[in-house]
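What follows is one structure encoded as structure tokens, with my remarks underneath.
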Amino acid sequence: MGRERRRMLTAVLRIFGSRFHQYLDQQIEEARQKARTLDVKDNLARMLVPPVPVSRVATKDQELDFLKYRSPSYVGPMSDSVAEETLLALRKANGPKPFDAKTIAEIALNSPMAYITRREGDDWVLDFAGITLFPYQPLTVSQFRFNLEAETFSIIDIGGRTHRPGDPTWETAITHVMAWVTVGIPSGAHNWVHFALPDTAASAEERMKLRDSNVSRLLAVHFRFTNRINYQALWIQRSSANAPTFKKALVPWLHMPFYEDQFRGGILRNTQRHYAKLVDHFDMPRSLDRRIPYFTFLREYYEVCARFAEALDPALEDDAWTEFAGMVERELPGFASVPRAKALGVLIWQVGVVHICDHLTYFPYIMTYGFMKVPQSFSTPYTQRDVSRWDRWKTRNFANAFVNFNPSEGLDQRLINVEAYGFVPDSVAGKAALQFKSDLQALDARLSAAGKAMVPVDRMIQSICF
Ligand SMILES: [Fe+2]
């Protein structure tokens with residue numbers, strides 16, 4: 001493509017970016033003028049048995065905070081990055097890198113796909129029955145089974161037939177698994193991290209009256225922006241209401257194969273299933289299978305978070321904790337009986353480590369191999385060489401906007417920014433926070449030296465905010 005055409009394309013998309021800024025200014029003005037509205041939608045999910053608490057509408061302050069600090073971070077991926085992706089697609093340089101069954105096994109053990117991967121005898125089984133998906137293109141894969149030592153692999157399709165290397169359907173089967181891994185992580189495997197517990201905790205934190213407390217200071221940092229982003233994801237659905245229409249096809253980052261109700265339905269089922277026994281959730285970090293590298297990594301960070309919560313505990317106010325825990329208890333019975341330090345250790349780990357690590361371990365895979373469209377069954381031959389530039393363009397634009405973390409200008413959200421808590425320096429809480437920072441950095445150094453720092457600590461952020 002000529003330099004002139006490239007410059008024009010970039011200029012057009014930059015104009016789009018500047019219009020986005022104008023749009024944000026307009027949104028801020030509207031949010032300022034709007035009174036806080038009461039949400040009625042959050043009752044709908046209570047019809048599920050057992051009910052699952054879900055995102056409440058953001059308050060006016062939360063809305064303004066998000067529009068000011070988080071919304072501008074979407075401008076780059078939705079303008080300049082789209083220009084870059086368009087150039088790559090036009091140059092036919094955006095195809096997936098060649099992959100095989102080993103590549104998918106690697107993803108299963110080193111990304112959020114691990115949540116639905118379990119051991120069966122000598123095999124690992126990536127089992128799609130572990131998540132509920134209601135896509136508008138039929139789910140074609142049931143299981144991907146592998147044993148890396150023995151180099152044995154098999155794929156069970158949705159009809160129960162087994163496909164093995166050497167079968168005429170094998171390349172097609174591998175291609176389908178990669179597509180459903182690409183779709184399944186953001187729309188299923190990652191749901192429990194965002195919804196139900198973080199939602200409820202964020203909403204309780206916002207309603208706390210004892211704000212001049214260490215409990216509130218700590219929670220405010222770890223649940224900042226969460227109500228707004230989750231409410232958008234679950235009810236507004238600007239990125240997941242993707243009816244297969246011409247209009248939607250033209251929006252660069254809209255690609256996941258779901259109508260809005262289908263996407264929401266999957267989230268509700270997946271979170272309901274995960275939190276059905278709340279006590280199990282708080283035992284989860286130490287029960288993660290150490291044979292899975294992603295889990296070993298997450299567990300190491302859990303120990304640091306748990307130590308921080310223990311050290312902080314004597315500095316936490318009983319009345320403030322009772323107020324917060326009581327509000328969460330009303331939505332998620334059983335929460336108040338979880339020991340305070342344990343509850344906080346898990347919450348900090350979930351929103352400050354697991355969330356970002358899910359995104360940043362998945363991001364390189366989706367950029368390198370990901371795509372989302374495959375035929376309705378294995379009977380139509382379809383291999384990785386058939387993946388379209390359009391599919392890759394849309395998938396990579398989606399990943400740039402919603403999977404990668406794009407930092408906010410003027411706001412340090414790094415997990416190691418413990419000054420954000422605002423604890424009194426040299427107090428028990430202040431010292432615990434500094435120790436937390438140095439423990440995080442020490443763990444990162446140890447893991448980096450061993451080549452096991454899947455996500456550097458410097459890239460971890462404090463809250464679910466994207
Ligand atoms: Fe997320």
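The values are calculated or read from the model by the stated rules, or taken from the named source; none is laboratory data. Computed from a predicted structure; not experimentally measured. Every residue, glycine as well, gets a Cβ built from its backbone with ideal geometry; the counts of neighbours run over all protein chains shown.
Just a few scattered comments:
- Failed item, numbered, when residue 423 is tested on (1) out of contact with any strand residue (DSSP E or B) (no Cβ under 7 Å at 6 or more places or on another chain); (2) in contact (Cβ under 8 Å) with a residue 40 or more places away in the chain; (3) surrounded by fewer than 21 Cβ atoms within 10 Å (Cβ to Cβ): (3)
- Selection of the stretch 297-326 for residues being without any contact (Cβ under 8 Å) to a residue 40 or more places away in the chain and within 17 Å of residue 358 (Cα to Cα) yields only 299.
- Each residue in the stretch 190-226 was checked for being outside any helix (DSSP H, G or I) and of a type in the set (S, T, N, Q), and 1 of them qualify.
- Residue within the stretch 368-381 that is charged (D, E, K, R) and not in a helix (DSSP H, G or I) present: yes
- Candidates 106, 63, 85, filtered to the one that is among the acidic types (Asp, Glu), crowded, with 21+ Cβ neighbours inside 10 Å and either under 30 Å from residue 173 (Cβ atoms) or without any contact (Cβ under 8 Å) to a residue 24 or more places away in the chain (or both): 85
- Pair list, Cβ under 8 Å, 6 or more apart: the stretch 440-464 residue under 14 Å from residue 361 (Cβ atoms), other residue small (Gly, Ala, Ser) and within 16 Å of the ligand (Cβ to nearest atom): 460/352
- When residue 395 is tested against the conditions (1) buried (at least 23 other Cβ atoms within 10 Å of the Cβ); (2) within 15 Å of the ligand (Cβ to nearest atom); (3) under 17 Å from residue 94 (Cα atoms), the lone failure is (2).
- Selection status of residue 38, modelled with pLDDT of 85 or more, surrounded by fewer than 21 Cβ atoms within 10 Å (Cβ to Cβ) and of a type outside the set (D, E, K, R): no
- Screening the candidates 434, 415, 447 for the property of being more than 16 Å from the ligand (Cβ to nearest atom) and buried (at least 18 other Cβ atoms within 10 Å of the Cβ) yields one hit, 447.
- Condition check for residue 187: assigned to a helix (DSSP H, G or I) and away from the ligand (no atom under 16 Å from the Cβ): no
- For the stretch 336-348, a residue qualifies if it is surrounded by fewer than 24 Cβ atoms within 10 Å (Cβ to Cβ) and either within 16 Å of the ligand (Cβ to nearest atom) or part of a helix (DSSP H, G or I) (or both), and the qualifying residues are 336, 337, 340, 341, 342, 343, 346, 347.
- The lone exception for residue 199 - which of (1) of a type in the set (Asp, Glu); (2) in contact with a Ser or Thr (Cβ under 8 Å, 6 or more places away or on another chain); (3) more than 16 Å from the ligand (Cβ to nearest atom) it fails: (3)
- Residue ID - surrounded by the fewest Cβ atoms within 10 Å (Cβ to Cβ), chosen from residues in the stretch 133-173 that are outside any strand (DSSP E or B) and among the charged types (D, E, K, R): 149
- Screening 210, 234 for residues that are over 22 Å from residue 70 (Cβ atoms) and either surrounded by fewer than 22 Cβ atoms within 10 Å (Cβ to Cβ) or in the same structural domain as residue 411 (by TED's automatic domain parsing) (or both) leaves exactly one candidate, 210.
- Residue, surrounded by the fewest Cβ atoms within 10 Å (Cβ to Cβ), within the stretch 252-308, restricted to residues that are among the aliphatic types (A, V, I, L, M) and not in a loop (DSSP other than H, G, I, E, B): 279
- Residue satisfying condition, being within 16 Å of the ligand (Cβ to nearest atom) and either in a loop (DSSP other than H, G, I, E, B) or over 28 Å from residue 399 (Cα atoms) (or both), within set 455, 424: 455
- Residue 121, sole failed condition from (1) in contact with a helix residue (DSSP H, G or I) (Cβ under 8 Å, 6 or more places away or on another chain); (2) surrounded by fewer than 17 Cβ atoms within 10 Å (Cβ to Cβ): (1)
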